[in-house]
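The values are calculated or read from the model by the stated rules, or taken from the named source; none is laboratory data. These figures come from a predicted structure and were not determined experimentally. For neighbour counting, all protein chains shown are included, and Cβ atoms are generated from backbone atoms with ideal geometry for every residue, glycine included.
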Amino acid sequence: MQNHLKSDETDENLKKILNMVALPHDRIDFKKPIFKKSTKIRRGKRILNSDEILLIDKVINLFKEAKNENDNLMQQEGLSDDDVTVLDLIKIYIATLNEDQPKETVFRSYLESLSDDELALIDAVMYGGRDAYSFGGRTYPLDEMLEESRKNSREILIYTITSKGPLIEYLTAGINAYK
């Protein structure tokens, strides 16, 4: 098969294709999420009850204890969040081995002891709180957030909950959004 394009035409076509595919970051238009429904709780919609708020408060308190323990260990090692290396994390892990039961282990064990529905609730409130925290109080209704969270396995729910740095802020904003 013969190529009927001249070299200059091929180069021009290649440039056009590259321009269509590669967008420089200054031309990308990032948008905030579009909320499909009103963010106000409507009559008959799901809100948190007092037992659920107590459950979430317990998660917040256990996480605070684990975070404080971690912050104290980092301070003892002369570390800050900005300059932590893998070796530093290993030092902190080894330091927690000297304790009977590190607070982070207590936090994770508590999450593992919860039912699937309780984990889904915490996950839903956390993500709803993240949206409320980031977007001035706007979030999806709790029943929609629960529906999405229930699609995940226990392992994923525990991972997403334990991997959030601002977990306290997200859960607190979630309680405020859904009570």
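Pairs are defined by a Cβ separation below 8 Å, a sequence spacing of at least 6 or placement on different chains, a first member in the range 44-67 that is closer than 20 Å to K164 by Cα, and a second member that is surrounded by fewer than 18 Cβ atoms within 10 Å (Cβ to Cβ) and modelled with pLDDT of 95 or more; the pairs so defined are L55/E118; K58/Y110; V59/Y110; L62/Y110.
R138 meets the conditions (1) at pLDDT below 90; (2) within 16 Å of the chain's Cα centre (by Cα) in every case but one. The failed one is (2). The set of residues in the range 55-69 being at pLDDT 90 or above and of a type in the set (D, E) consists of D57, E65.
Quick one: would you say K91 is at pLDDT below 90 and not in a helix (DSSP H, G or I)?
On the way: at pLDDT below 90: yes; not in a helix (DSSP H, G or I): no.
Answer is no for this residue.
Considering only residues that are part of a helix (DSSP H, G or I) and under 12 Å from V125 (Cα atoms), which ones fall in the range 45-58? Steps first, please.
First pass over the range 45-58, keeping only residues part of a helix (DSSP H, G or I): 50-58.
Within the range 45-58, E52, I53, L55, I56, D57 meet the criteria.
Scanning the range 162-179 for residues that are under 11 Å from the mean Cα position of the chain (by Cα) and aromatic (F, W, Y) returns a single hit, Y170.
May I ask you to verify whether I122 is out of contact with any Ser or Thr (no Cβ under 6 Å at 6 or more places or on another chain), within 25 Å of D71 (Cβ to Cβ) and modelled with pLDDT of 95 or more? Reasoning before the result, please.
On the way: out of contact with any Ser or Thr (no Cβ under 6 Å at 6 or more places or on another chain): yes; within 25 Å of D71 (Cβ to Cβ): yes; modelled with pLDDT of 95 or more: yes.
When the stated conditions are applied, I122 passes them.
Pairs are defined by a Cβ separation below 8 Å, a sequence spacing of at least 6 or placement on different chains, a first member in the range 163-179 that is modelled with pLDDT under 90 and among the hydrophobic types (A, V, I, L, M, F, W, C), and a second member that is assigned to a loop (DSSP other than H, G, I, E, B) and buried (at least 18 other Cβ atoms within 10 Å of the Cβ); the pairs so defined are A177/T139. In the range 119-145, how many residues are in a helix (DSSP H, G or I) and touching a Lys or Arg at 6+ places or on another chain (Cβ under 7 Å)? Qualifying residue count for the region: 7. In the condition set (1) under 16 Å from K45 (Cβ atoms); (2) of a type outside the set (V, I, T); (3) assigned to a helix (DSSP H, G or I), E169 is compliant with all but (1).
When the range 152-178 is examined, which residues are found to be under 19 Å from T105 (Cβ atoms) and not β-branched (V, I, T)? The answer is R154, E155, L157, Y159, S163, K164, G165, L167.
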